[in-house]
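The values are calculated or read from the model by the stated rules, or taken from the named source; none is laboratory data. Nothing here was measured: the structure is a model prediction, and the numbers come from that model. Glycine also receives a Cβ, built like all others from the backbone with ideal geometry; neighbour counts cover every protein chain displayed. Ligands, DNA and RNA are stripped out before the accessible areas are found, and what is left, the full protein with its side chains, is counted by its heavy atoms. Shrake-Rupley method; radii C 1.70, N 1.55, O 1.52, S 1.80 Å.
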Amino acid sequence: MALKLDMSKAYDQVEWNFLEKLMMKMGFNERWVGLIMTCVKTVTYSMLVNGEPKGLITPLRGIRQGDPLSSFLFLLCTRGLHGLIQQDANSGDITGFALCTRGPKLTHLFFADDSLLFCRATPRECDKVMDLLFNYENVSGQKVNRDKTTLFFSGIVDEGSRQIIKNIWGVQEEHNYEKYLGLPSLIGRHKKASFNYIKERVWRKL
């Protein structure tokens, strides 16, 4: 099964303490970390009231959207989630998806704040994934938006198992991801037909 995560207000929820400790753990120079955190913590906001800026709001967490530095800092935050997933995968608590026989197991894909997690469709592995996400939420400030989070099951998962897992997560099942990041999610033997639309779009542009 695959779990497509949606983080609620991802940039706004980042805890500064988590970001600082994560950079130190990754081995960044202490002075460099101090400079980055100064950039993060000295941000202030004002609000337009009847067209005029009023007051200064000093945030206590979050990174500013639109700032060129913020996207890189958020990628560092996802390293924390990556570490938790890798830890459970190494211990055998989470089994990823094998792309081929005897191939490496794929447990997750990250693209900015967009995340896909792969595991076996069993209550045990679902509980493990929920535990690691709970731990990540507690330390990072991130919150999973369950209204926009979806599940996708492979064809071999029976309806009874699907229902149990959907009840555990409390999220909707997606029967077919047509596209993910602009590319087809499911590709069969007819690869030419799957990617033909790219050729057509290029020809239209030309």
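Miscellaneous remarks
- Given their separation in residues at 0.36 nm each and the Cα-Cα distance between them, Phe111 and Asn145 gain 10.6 nm when the chain is fully extended.
- More than 21 angstrom apart: percent of Cα pairs within segment 1-101: 50 percent
- Whole-number percent relative contact order across the chain, with pairs defined as alpha carbons under 8 Å at least 6 apart: 27 percent
- Across segment 134-146, rounded Karplus estimates of 3J(HN,Hα) from the backbone phi angles (6.51 cos²θ - 1.76 cosθ + 1.60, θ = phi - 60°) give 4, 5, 5, 4, 5, 8, 9, x, 5, 10, 6, 7, 5 Hz, Gly and Pro being marked x.
- If R0 is 35 Å, the Cβ-Cβ spacing of Leu48 and Arg201 corresponds to a FRET efficiency of close to 0.30.
- Across segment 157-165, rounded Karplus estimates of 3J(HN,Hα) from the backbone phi angles (6.51 cos²θ - 1.76 cosθ + 1.60, θ = phi - 60°) give 7, 6, 5, x, 5, 4, 5, 4, 5 Hz, Gly and Pro being marked x.
- Pairs of Cα atoms farther than 24 Å apart, segment 41-167, %: 44 percent
- Förster radius 25 Å - calculated FRET efficiency between Thr122 and His82 (Cβ-Cβ, nearest 0.05): 0.65
- With all protein chains in place and ligands, DNA and RNA left out, the 1.4 Å accessible area ranks Thr58, Thr101 as Thr101, Thr58, largest first.
- Between the beta carbons of Trp32 and Thr101, assuming R0 = 45 Å, the FRET efficiency works out to 0.50 to the nearest 0.05.
- Distance violations [Cα-Cα > 25 Å] among Lys128/Lys166; Lys105/Lys199; Lys41/Lys128; Lys21/Lys148: Lys105/Lys199; Lys41/Lys128; Lys21/Lys148
- Take the chain with all the other protein chains still there, run a 1.4 Å probe, and you get 66 Å² of accessible area per residue.
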